[in-house]
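Trainee: For reference, the structure I am asking about is given below.
The values are calculated or read from the model by the stated rules, or taken from the named source; none is laboratory data. This one's a predicted model, so the numbers in the text were calculated from it and none came from an experiment. When we count neighbours, we look across all protein chains shown, and the Cβ atoms used for this are built from the backbone with ideal geometry, even at glycine. We work out accessible area using only protein heavy atoms, side chains counted, and drop any ligands, DNA or RNA first. Shrake-Rupley method; radii C 1.70, N 1.55, O 1.52, S 1.80 Å.
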Amino acid sequence: MTKKNLVFIGDSLTEGFDWQQRFADHHVVNLGLSGEPIEGLIARLQSYPLRQHDPDLLFVMSGINNLRRGDHDIAGRQQQLLSMLHRALPADKIVVQSILPVTMWVPRELIEQLNDNLKKMAEDFSMHYLDLYPLFLTSNGVPDASCLQEDGIHLTQEGYRRWSDAIERFLMSKHD
């Protein structure tokens, strides 16, 4: 596989993992920022030129901090974020990742609906969509406690293994 420039943007879930170590055969930039809601990421990207990293693929995940704060009406801001990314980079370089399940604060049905919306938005912008959500559920359809820390939102090593394995499978499928 050709060495790629991989850029990750998002919140503490993104920031909290050593993506460079996991994908040592690639050049990785981690732009995750703990506690950042969607509107914070939008504001940051308005003054941050993503092109400076020359990403072959940009992985984006955002929204859980809004939901954790009780701000559930985020679809418009998700649309705004993807529109901004679409203007900044070619669509085939953007990988929209689903919001992960949590054990507290947010009804499962809400996250599933938002992920359905995200998938549709990604398709509308001709972006890739990486559905991580089912990888974090048990066979009974509830969040897998082995993937989540006690706070019900941050990931364990098992959670990061599942996430990064999904990205590795994605990269292998795009081995151009």
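Trainee: What nm value, rounded to one decimal, do you get for the distance between Glu109 and Arg51 when each label is placed 7 Å out toward the C-beta?
Mentor: Spacing of the two 7 Å Cα→Cβ label points: 4.5 nm.
Trainee: Still on this structure, please answer the following. Given a cut-off of under 8 Å on Cα pairs at least six residues apart, what relative contact order in percent is computed for the chain?
Mentor: Answer for the chain is 19 percent.
Trainee: Then there's this: Assuming 0.36 nm per residue, please report the length gained on full extension of the stretch Ser83 to Lys120 beyond their Cα-Cα distance.
Mentor: Here the answer is 12.0 nm.
Trainee: How large is the helix-only mean residue ellipticity at 222 nm for the chain, computed as the sum of -39500 (n - 2.57) over DSSP H runs with n ≥ 4, divided by its residue count, in deg cm²/dmol to the nearest 500?
Mentor: Calculated at 222 nm, the ellipticity per residue is -11500 deg cm²/dmol.
Trainee: Now, a different point. FRET efficiency for Ala43 and Asn140, Cβ-Cβ distance as r, R0 = 41 Å, nearest 0.05?
Mentor: According to the calculation, E is roughly 0.55.
Trainee: Projected area of segment 63-115, taken from the Cα convex hull and averaged over every viewing direction, in nm²?
Mentor: The directionally averaged projection comes out at 3.8 nm².
Trainee: I would also like to ask the following. Beyond 20 Å between alpha-carbons counts as too far, so tell me which of Lys4/Lys93; Lys3/Lys120; Lys3/Lys119 fall in that bin.
Mentor: Among Lys4/Lys93; Lys3/Lys120; Lys3/Lys119, the Cα-Cα distance tops 20 Å for Lys3/Lys120; Lys3/Lys119.
Trainee: What number comes out for accessible area per residue over the chain if the probe is 1.4 Å? Units Å², please.
Mentor: With the other protein chains kept in place, the chain gives 47 Å² per residue.
Trainee: Right, another one. Within a Cβ distance under 14 Å of Thr14, other residues only, what is the Lys/Arg minus Asp/Glu net charge?
Mentor: -2
Trainee: Still on this model: Taking every alpha carbon pair in the chain, what does the distance histogram look like in 10 angstrom bins from 0, in percent?
Mentor: 10, 41, 38, 11, 0
Trainee: Could you give the length gained by full extension between Gln149 and Lys3, i.e. 0.36 nm per residue of separation minus their alpha carbon distance, to one decimal place?
Mentor: My answer for the length gained is 49.3 nm.
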